[in-house]
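Bear in mind these aren't lab numbers, they're just calculated from the coordinates by the rules spelled out. The structure displayed is predicted, hence computed values, not measured ones. Every residue, glycine among them, receives a Cβ derived from its backbone with ideal geometry; neighbour counts consider all protein chains shown.
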Amino acid sequence: MKIAYIILLLIALAMPGYLPAPDLPPGDNSFLLLEKMRNDIIKKDKAQFRVKYYRFKKLLAKYESENNWKEYSRFGFIGKYQFGKSALDATGYGNVSLQEFMTNPSSFSEQEQEKAMDILLKINESVMVKSINKYVGLIFYDSIPITRMGILAAAHLAGPANVKEFLDSFGKKNFQDRLGTRISDYLYRFSI
C-alpha cells in the first residue's frame, strides 16, 4: 500500500500546477501528506470531468459511430453511442429494438440517445465509484493514466464488471470487444 502512495506522490508532483498543501502539523506526516494528495487528485479529476463532460460525450460518439445518431451495427448496437440491449434496459429504453431502429431511427431519437447516455454515465459512475477512488491518478502499462473519463469510457465499451476486473488485475485481464478494441485502448484514448 505504501508503494502505491509513493508512486502516487511521484505522479502528483509531476502534474502541472500541483503543489502539496503545507497545512499539515509538523512531524513525520508523509502518510497524511500522501493521503491529502490522493484526495486532491481525485477532486481535481472529478472537476475536470465535469468541465469536459460534453467534450467527452462528443469524443465518445465520434469513436462509437462517427457521431451518427442513426448508426447501427451488425452486432445489434444502435445509435450515436452504440447502445447494446443491457445499456438500453438500464437506461429505461429497453423497448427500443434493432429492427425498429433500422426501419425507423426516430424511434430512438438523437435527443433520447443523449438522455440515455447521461443516465448510463451516472449509473456507471455510481457503480465504479470505488474503482475511481482507488485507481484514478495511477498509471498502467507505463503509459495509460487512469482517469474518471477513461474508466467511464471503458465501462461503456466493456461494462463496469470487466473494467473493475482489468483494474484489479492491474491490466492482466484486458477484455476486448468483437472489433478488437480493448479496455486499455479506451482508458488511454479517453485519459484526457
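How big is the stretch 25-178 by Rg and Dmax over its Cα atoms, in Å?
Here Rg and the maximum Cα pair distance are 18.0, 70 Å.
In which sequence would VAL96, VAL163 go, from the one with the fewest C-beta neighbours within 10 Å to the one with the most?
VAL96, VAL163
In sequence order, what are the phi-derived ³J(HN,Hα) couplings for the stretch 72-87 according to the Karplus relation 6.51 cos²θ - 1.76 cosθ + 1.60 with θ = phi - 60°, rounded to whole Hz, with x for glycine and proline?
My calculation for the stretch 72-87 gives 9, 10, 5, 8, x, 8, 10, x, 4, 9, 6, 5, x, 4, 5, 5 Hz in order.
Tell me, what ³J(HN,Hα) does each residue in the stretch 116-132 have, in order and in whole Hz, if you take phi through Karplus 6.51 cos²θ - 1.76 cosθ + 1.60 with θ = phi - 60° and put x for Gly and Pro?
The phi angles translate into 4, 5, 4, 5, 4, 5, 5, 4, 5, 5, 5, 5, 9, 4, 5, 5, 4 Hz.
Can you give me the Cα centroid spacing of the stretch 143-192 and the stretch 65-129 in angstrom?
The distance from the Cα centre of the stretch 143-192 to that of the stretch 65-129 comes to 20 Å.
What are the chymotrypsin sites (Phe, Trp or Tyr not before Pro) within the stretch 91-181 that DSSP puts in a loop, where the Cβ has at most 12 other Cβ atoms within 10 Å? Before the final figure, lay out the partial values.
Values: sites: TYR93, PHE101, PHE108, TYR135, PHE140, TYR141, PHE166, PHE170, PHE175; in loops: TYR93, TYR141, PHE170, PHE175.
Here the sparse-neighbourhood loop sites are TYR141, PHE170.
Which three lengths, in whole Å and largest first, does the stretch 35-89 cover when its Cα atoms are put on their principal axes?
48, 21, 14
Name the trypsin sites (Lys or Arg not before Pro) in the stretch 104-192 that are in a loop by DSSP and that have at most 16 other C-beta atoms within 10 Å, would you?
Those that pass, being in a loop and sparsely packed, are LYS172, LYS173, ARG178.
Label LYS173 and LYS52 with points 7 Å out from Cα along Cα→Cβ: what is the distance between them in nm?
The two pseudo-label positions are separated by 2.8 nm.
In units of 2.2 N^0.38 Å, what is the alpha-carbon radius of gyration of the stretch 92-150?
Working: Rg = 16.6 Å, N = 59, 2.2 N^0.38 = 10.4 Å.
Relative to the rule-of-thumb radius for its length, the stretch 92-150 sits at 1.60.
If we count other beta carbons within 10 Å of each Cβ, what is the order of SER131, SER107, SER126, fewest first? All intermediate terms of the calculation are to be shown ahead of the outcome.
Working: SER131 19, SER107 16, SER126 10.
With the sparsest Cβ surroundings first, the list reads SER126, SER107, SER131.
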